[in-house]
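Can you read through this structure? Questions will come right after.
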Amino acid sequence: MRLVLAARRSELARIQAFQVGRALDKANPQLTIEYSFHESLGDRNQNDPLWQMPEKGVFTQDLREGLLAGRYDLAVHSWKDLAVEDDQETEIAATLPRADTRDLLLVRRDRWAKVGTTRQLVILTSSPRRAYNLDSFLRRALPAQLKKIIFEPVRGNVPTRVHKMWQPGADGLIVAKAALDRLLETEDTEFSETRTFLRNALAQCLWMVLPLRANPSAPAQGALAIEVRRNRSDLHRLFESFNCAETRVAVTRERDILREHGGGCHQKIGVSILRRPYGEITFLRGLTDGGELLDNHSLKATKARPPRIALQEMWPVKTADSDWFKRESIPATIPDAPLWISKADSLPGHWTITAERLVWTSGLKTWERLAQRGVWVNGCAESLGEHELPRIENLSGSTMNWIKLTHEDACAENGMNMLPTYRLIPKGDVPVLEDKKYFFWTSGSAFERALVLNPWIKLMTHFCGPGNTQRALERSGVTPHIFLDHDQWLKEMSLS
């Protein structure tokens, strides 16, 4: 059986087409796959910002017309390029497992060295979403006192945009991480020159994986769409063994949310959905055409929630280590390894951390506190736990052997090595928990200490975020309810 698979002509589009072609060939060895690559309207018009173009589907409409004319059997797209409205004549028949949804900030090292003097940063991006959501975040996340961040439009494929970063006046660039990952990890020899160029460019840049909580992606970013005519149901069986239902569910929901707010790449709206064993996480942030401010992160839990109760029956204080312990520093030498930092105070004040060292944090608060101390942070686990892998091997060029800075009795997930920089000394004066029924914990150590002093709380109802605190409760025989943060817990569980 012969299939004609169409895609855009860019290197990234061809790599994506080959990924689908290999999946088809592996699942259906009897197939003969012929590739057909073409320029789209968006490829031909390199002058106008995408959000200013009146046409929908500027990267996809030409391929759709070829499908309807019968010139191709299927077309492979970056799903985010498709219009959010359903098509009456074609359908998305399948998708592959989704790549990384996050955006990536690249900053030229030579330009960053001058930021202390200029106190401004010029970043190339044509996305209104990125410009709106990142202006405030980067002021907190970058280790510099910036007076101004300027977002300048840029067009072209990924290598072209990276090359434009070295034009006069540009300091940095934002790209979809999935695009760069695919170009770096491909083993096809026809892309070796581009791969070498990008690797050399990365060596001249500082980089930062931008968190979804601050900068949700474009809906469907990182996902591929396999489009066919609706009357070609005979093709569906070819995709059954590799079609990723989980990706489809998340992407469909993201596109539905964008459509509710009008749709289109001109929108200053990002939405990302992560599906985890404990539930479905939605990050939504931006500004609608009507001026409505969107800033929400929520969890639709897998486990049924207990009933809401009166505020006075809840332990509403954020129970942290400092409520139960004093800290005592432990002398430690800075290791020659990438650092995973869960709390900013675990980084000794006398250590000098240069931008050459990879630094990952547990969440945004730690990230921003470290930035105030002059530390360049490469990314974070979004406060979702250490099992949220950084997925930065393509950027770093090697496997990461993280060293976690923590206290001497801490546990780490994923076999991470630990370096204790402080110890916890139990306090005598601790919180009183009497008459409370619901407890939210932000520290596994705090819970374990509270349980020793108040064994009765084991029979109460407990809540926490995903990750190490969750594991600590589970080791003590408590199955907690998962919330993304303390404020969300108070809002959803209190009757007041």
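The values are calculated or read from the model by the stated rules, or taken from the named source; none is laboratory data. Here the structure is a predicted model, which is why all the values come from computation and not from measurement. Don't worry about glycine lacking a Cβ; one is built from the backbone with ideal geometry, like all the others, and counts go over all protein chains shown. All accessible areas refer to the heavy atoms of the entire protein, side chains included, with ligands and DNA or RNA removed. Shrake-Rupley method; radii C 1.70, N 1.55, O 1.52, S 1.80 Å.
Counting only residues that are among the β-branched types (Val, Ile, Thr) and modelled with pLDDT of 95 or more, which one in the range 407-439 is nearest to VAL359 (Cα to Cα)?
At the first step, the residues of the range 407-439 found to be among the β-branched types (Val, Ile, Thr) are 421, 425, 430, 432.
Keeping just the survivors that are modelled with pLDDT of 95 or more gives 421, 425.
Values: THR421: 16, ILE425: 27 Å.
So, considering only residues that are among the β-branched types (Val, Ile, Thr) and modelled with pLDDT of 95 or more, the one nearest to VAL359 (Cα to Cα) is THR421.
Can you pull out every residue in the range 228-246 that is open to solvent by 10 Å² or more (accessible area, probe 1.4 Å) and not small (Gly, Ala, Ser)?
Pass one, the range 228-246, residues open to solvent by 10 Å² or more (accessible area, probe 1.4 Å): 229-234, 236-237, 240-246.
Those that are open to solvent by 10 Å² or more (accessible area, probe 1.4 Å) and not small (Gly, Ala, Ser): ARG229, ARG230, ASN231, ARG232, ASP234, HIS236, ARG237, GLU240, PHE242, ASN243, CYS244, GLU246.
Which one is nearest to ALA301 (Cα to Cα), of the residues in the range 434-489 that are among the polar types (S, T, N, Q) and outside any loop (DSSP other than H, G, I, E, B)? Spell out how you get there, then give the answer.
We begin by selecting, within the range 434-489, every residue among the polar types (S, T, N, Q); these are 442-443, 445, 454, 461, 468-470, 476, 479, 488.
Now drop any that are not outside any loop (DSSP other than H, G, I, E, B), which leaves 445, 461, 468-470, 488.
Numbers: SER445: 24, THR461: 16, ASN468: 18, THR469: 17, GLN470: 14, GLN488: 12 Å.
It comes out as GLN488.
Looking only at strands (runs of 3 or more DSSP E) that fall completely inside the range 81-197, which ones have 3 or more residues that are surrounded by fewer than 18 Cβ atoms within 10 Å (Cβ to Cβ)? Break it down into steps so the answer makes sense when it comes.
Numbers: elements: 90-94, 103-108, 120-124, 148-152, 172-176.
Ranges flagged: 148-152.
Of (1) out of contact with any Lys or Arg (no Cβ under 9 Å at 6 or more places or on another chain); (2) part of a loop (DSSP other than H, G, I, E, B), GLY349 satisfies all except one. Which?
Against the list (1) out of contact with any Lys or Arg (no Cβ under 9 Å at 6 or more places or on another chain); (2) part of a loop (DSSP other than H, G, I, E, B), GLY349 comes up short only on (1).
Follow-up question, since we're still on this one. So which residues in the range 271-325 are charged (D, E, K, R), at pLDDT 95 or above and open to solvent by less than 50 Å² (accessible area, probe 1.4 Å), if there are any at all?
Selection gives GLU280, ARG285.
Condition first: crowded, with 22+ Cβ neighbours inside 10 Å, in contact with a Leu (Cβ under 9 Å, 6 or more places away or on another chain) and in contact (Cβ under 8 Å) with a residue 40 or more places away in the chain. Can you find one or more residues in the range 428-439 that meet it?
Yes, the range 428-439 has at least one match.
Check LEU183, LEU124 and return the single one that is within 30 Å of GLY66 (Cα to Cα) and at pLDDT 95 or above. Before you say what the answer is, go through the steps one by one.
Numbers: LEU124 fails: within 30 Å of GLY66 (Cα to Cα).
Within the list LEU183, LEU124, the selection yields LEU183.
If you don't mind, another one. Only strands (runs of 3 or more DSSP E) wholly contained in the range 200-298 count here; list those with 2 or more residues that are of a type in the set (D, E, K, R). Break it down stepwise before answering.
Details: elements: 205-209, 224-229, 268-276, 279-287.
Once the strands (runs of 3 or more DSSP E) in the range 200-298 are filtered for at least 2 residues that are of a type in the set (D, E, K, R), what remains is 224-229, 268-276, 279-287.
If I ask for residues that are open to solvent by 30 Å² or more (accessible area, probe 1.4 Å) and in a loop (DSSP other than H, G, I, E, B), which ones from the range 60-72 would you list? Spell out how you get there, then give the answer.
We begin by selecting, within the range 60-72, every residue open to solvent by 30 Å² or more (accessible area, probe 1.4 Å); these are 61-62, 64-65, 68-71.
Residues satisfying the conditions are ALA69, GLY70, ARG71.
Any idea how many residues of the range 404-427 are more than 13 Å from ALA320 (Cα to Cα), open to solvent by 60 Å² or more (accessible area, probe 1.4 Å) and part of a loop (DSSP other than H, G, I, E, B)?
Residues flagged as more than 13 Å from ALA320 (Cα to Cα), open to solvent by 60 Å² or more (accessible area, probe 1.4 Å) and part of a loop (DSSP other than H, G, I, E, B) within the range 404-427 amount to 5.
Return the residues of the range 252-270 that are out of contact with any strand residue (DSSP E or B) (no Cβ under 8 Å at 6 or more places or on another chain), under 30 Å from ARG305 (Cβ atoms) and open to solvent by less than 30 Å² (accessible area, probe 1.4 Å); say none if nothing qualifies.
So in the range 252-270, the residues out of contact with any strand residue (DSSP E or B) (no Cβ under 8 Å at 6 or more places or on another chain) come out as 252, 255-256, 259-260, 262-266.
Now restrict to residues that are under 30 Å from ARG305 (Cβ atoms): 252, 255-256, 259-260.
Residue satisfying the conditions is ARG255 alone.
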